[in-house]
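Here the structure comes first, spelled out in structure tokens, and everything after it is commentary.
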Amino acid sequence: MNESLLNELSEGIIMVDEGLVISYANLSAKKLLGEIEGSALPDALHVQGISNIVDSFISGSHYCTDTVFVKDETTHYLKIKVSPPYVIARNITSEKLFESAKMDFVNSIVHEFSTPLAVINGYVQLLMDRNSELPNDVSETIDRISRSTGRLSRLVEELGILSNLELQNYRVKVETVNLRELVDEAIGDLQAKWNRKKLEIITTVSPNTYAAVDSMLLFRVISNLISNAVKYSSVGNKIEVVSREDESNIYISVKDDGIGIKSDELPRIFERFYRASNARTSGSSGLGLGLSLVKHALNLINGTIDVRSRYMMGTTATITFPKNM
């Protein structure tokens with residue numbers, strides 16, 4: 001073990017023997033936790049969930065968790081990785097505070113935008129009810145205002161949902177859902193967009209596929225994936241929505257022949273506000289919230305997502321979730 005090299009690392013590196021006694025700690029670990037060499041791991045690492053950390057170490061298994069450590073009445077957020085005989089502690093306090101600041105900003109935007117948007121939409125609807133009495137140029141202007149406020153309302157709604165998902169304020173509501181009906185509804189809602197591009201959407205989802213799941217969350221997931229496929233497809237392209245199931249899980253894939261995602265950008269596509277270069281080059285609008293929402297929604301229904309893409313050759317996104325939560 002090269003101690004001088006380990007002392008250069010910003011992560012705290014702790015080496016633990018078979019008796020759960022700390023035999024070595026690098027400078028970062030000592031700066032965070034104090035002089036802990038010779039101490040028992042549970043005594044030195046006063047963090048939430050220490051029992052799980054100790055259990056994984058005893059069993060020789062790898063384990064990773066985010067936890068809280070209080071020192072001198074100051075709360076620190078740590079990412080702990082167990083890889084016997086090492087425990088690695090990374091201080092993620094600044095990242096957590098930055099995330100919290102971003103969420104405060106998002107919540108403020110949602111709150112401040114919701115009321116005036118509702119008022120604008122109300123007046124636009126009143127004007128649209130009198131469309132036949134208005135000159136054509138005025139009527140067309142009102143239509144454009146209606147579409148724009150609709151897009152902004154959907155964006156604010158999506159921000160609000162994502163905020164609730166990330167803050168774990170959303171309560172999952174499980175009900176029996178027909179998958180074909182849910183997919184058809186999502187496709188129908190996006191019809192104006194895919195008709196405009198003359199896209200062909202092929203659906204291979206059995207009308208006899210049911211799941212006990214939160215219908216709103218699953219609808220948001222499917223709608224976002226199909227919306228992305230439409231957004232990044234070229235005129236006349238084909239989109240396929242396919243499902244299959246086994247004894248315990250359901251799999252839904254959305255495949256397009258669009259512009260794809262560069263391999264070095266794939267790991268970041270689920271980050272909130274991240275927009276890959278395909279979004280910029282295609283001229284599509286958005287704040288990069290869709291896939292972040294998908295990820296958080298799937299976490300709540302015990303689902304996962306796998307995205308495979310080749311730049312300029314298309315993308316396939318496959319979600320997996322249990323038939324019964």
### Task
Give me a count of the residues in the range 241-252 that are closer than 16 Å to GLU181 by Cα, under 23 Å from the mean Cα position of the chain (by Cα) and surrounded by fewer than 21 Cβ atoms within 10 Å (Cβ to Cβ).
3
### Query
How about the range 1-77: which strands (runs of 3 or more DSSP E) wholly inside it have at least 1 residues that are farther than 26 Å from SER100 by Cα, aromatic (Phe, Trp, Tyr) and open to solvent by less than 60 Å² (accessible area, probe 1.4 Å)?
22-25
### Task
Report, ordered by the first and then the second residue, all pairs with beta carbons closer than 8 Å, sequence separation of six or more or different chains, a first member in the range 233-247 that is touching a residue at least 60 places away in the same chain (Cβ under 8 Å), and a second member that is part of a strand (DSSP E or B) and open to solvent by 60 Å² or more (accessible area, probe 1.4 Å).
SER243/THR204
### Summary
Looking across the range 253-273 at residues that are part of a strand (DSSP E or B) and open to solvent by 10 Å² or more (accessible area, probe 1.4 Å), the single one that is nearest to LYS323 (Cα to Cα) is SER253
#### Entry: Selection within the range 305-315 - more than 15 Å from PRO267 (Cβ to Cβ) and surrounded by fewer than 18 Cβ atoms within 10 Å (Cβ to Cβ)
ARG310, MET312, MET313
### Query
Which condition does LYS173 not pass, out of (1) over 19 Å from ASP257 (Cβ atoms); (2) open to solvent by 60 Å² or more (accessible area, probe 1.4 Å); (3) at pLDDT 95 or above, if it passes all the others?
(3)
### Message
With the requirement that a residue be in contact with a strand residue (DSSP E or B) (Cβ under 8 Å, 6 or more places away or on another chain) and free of Cβ contacts under 8 Å to residues at least 40 places away in the same chain, what does the range 5-18 give you?
### Response
LEU6
### Task
Take SER94 and decide whether it is outside any strand (DSSP E or B), at pLDDT below 85, under 26 Å from LEU293 (Cβ atoms) and of a type outside the set (Asp, Glu).
no
### Query
In the set ASN224, ASN237, which member is among the polar types (S, T, N, Q), touching a Gly at 6+ places or on another chain (Cβ under 7 Å) and open to solvent by less than 30 Å² (accessible area, probe 1.4 Å)?
ASN224
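The values are calculated or read from the model by the stated rules, or taken from the named source; none is laboratory data. Please read all numbers here as calculations on a predicted model, not as lab measurements. Note that each Cβ is placed from the backbone with ideal geometry, even for glycine, and that neighbours are counted across all protein chains shown. What goes into the accessible areas is simple: the full protein's heavy atoms, side chains included, and nothing from ligands, DNA or RNA. Shrake-Rupley method; radii C 1.70, N 1.55, O 1.52, S 1.80 Å.
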